[in-house]
1. Hey, can you tell me all the residues within the range 32-53 that are surrounded by fewer than 15 Cβ atoms within 10 Å (Cβ to Cβ) and under 36 Å from the mean Cα position of the chain (by Cα)?
2. For the range 159-190, which positions are more than 18 Å from Glu122 (Cβ to Cβ), in contact (Cβ under 8 Å) with a residue 12 or more places away in the chain and under 16 Å from the mean Cα position of the chain (by Cα)?
3. So Ile13 clears everything in (1) surrounded by fewer than 10 Cβ atoms within 10 Å (Cβ to Cβ); (2) touching a residue at least 12 places away in the same chain (Cβ under 8 Å); (3) among the β-branched types (Val, Ile, Thr) except one condition, right? Which one?
4. Can we say Gly127 is at pLDDT 80 or above, under 27 Å from Gly192 (Cα atoms) and either surrounded by 14 or more Cβ atoms within 10 Å (Cβ to Cβ) or of a type in the set (Gly, Ala, Ser) (or both)?
5. (1) of a type outside the set (Gly, Ala, Ser); (2) surrounded by 11 or more Cβ atoms within 10 Å (Cβ to Cβ); (3) modelled with pLDDT of 80 or more: which one isn't true of Tyr97, the others all being true?
6. Being over 28 Å from Ile96 (Cα atoms) and of a type in the set (D, E, K, R) is the filter here, so list the residues in the range 30-86 that pass it.
7. Anything in the range 184-197 that is surrounded by 11 or more Cβ atoms within 10 Å (Cβ to Cβ) and closer than 12 Å to Pro161 by Cβ? List them, or say none.
8. Of all the helices (runs of 4 or more DSSP H) wholly in the range 1-95, which have at least 2 residues that are more than 30 Å from Phe194 (Cβ to Cβ) and of a type in the set (D, E, K, R)?
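The values are calculated or read from the model by the stated rules, or taken from the named source; none is laboratory data. These numbers were taken from a predicted model, which means no experiment stands behind them. Don't worry about glycine lacking a Cβ; one is built from the backbone with ideal geometry, like all the others, and counts go over all protein chains shown.
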Amino acid sequence: MKNLKRYFITGLIAVVPVVLTIYVLVIVFQFTDSILGRFINIYFRKTLGFYVPGLGFLIFLIVILLSGFLANKFIGKKIFPYLERWFSGLPLIKNIYPTLKQIIRFMLGQKEFGFKKVVLVEYPSKGIWSIGFLTNEHFGKINQEINKEVVSVFLPTSPSPFTGYVVFIAKEEVRFLDIPISEALKIIISGGAFNPI
């Protein structure tokens, strides 16, 4: 009975991530394919008598590549910031768009939210260590006020690294970890189950 339980759990760990990954990819494919493919395939079915599966997905990829190409060129670099400012200023959209953009840039490795280094700090009390990210080291007025050199550390909550607390801690009390930011984020997202070592 113990062996059956162990085999079942091992099987879940082996199969579920693969199945979920494939499921997510299928959902993304179907969603992107239906954005443009549905309308084009209706036309193809009426006029030619057949449709092309995946055509919408292909057009979606071409639009993404074309947008990236234009955004990297001189004209795009001038126009895109204005369009983005206008779009992100619209009602309702201004509450959604900036957050989504930040998450997508983070997921694609384009941005690490201004994190400089991975650190360990004793928080919320002595003897309890929390993993965090150094975000700033220059606080002249705060340093003068408390007569110490402090740094700001962002302490994310698990499993979402997008929310958390900002704490100001004396620099000598911060321990710097020699691991990449991406690895530290995996530790946080996994609730401490991921081991980068």
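1. Ser34, Ile35, Arg38, Phe39, Ile40, Ile42, Val52, Pro53
2. Scanning the range 159-190 gives Pro159, Ser160, Pro161, Phe162, Pro180, Ile181, Ser182, Glu183, Leu185, Ile189, Ser190.
3. Status for Ile13: all satisfied but (2).
4. Yes; evaluated as a whole, the condition is true for this residue.
5. Every condition holds for Tyr97 apart from (3).
6. If the condition is that a residue be over 28 Å from Ile96 (Cα atoms) and of a type in the set (D, E, K, R), then Arg45, Lys46 are the ones that fit.
7. Matches in the range 184-197: Ala184, Leu185, Lys186, Ile187, Ile188, Ile189, Ser190.
8. Passing ranges, in order: 2-47, 74-88.
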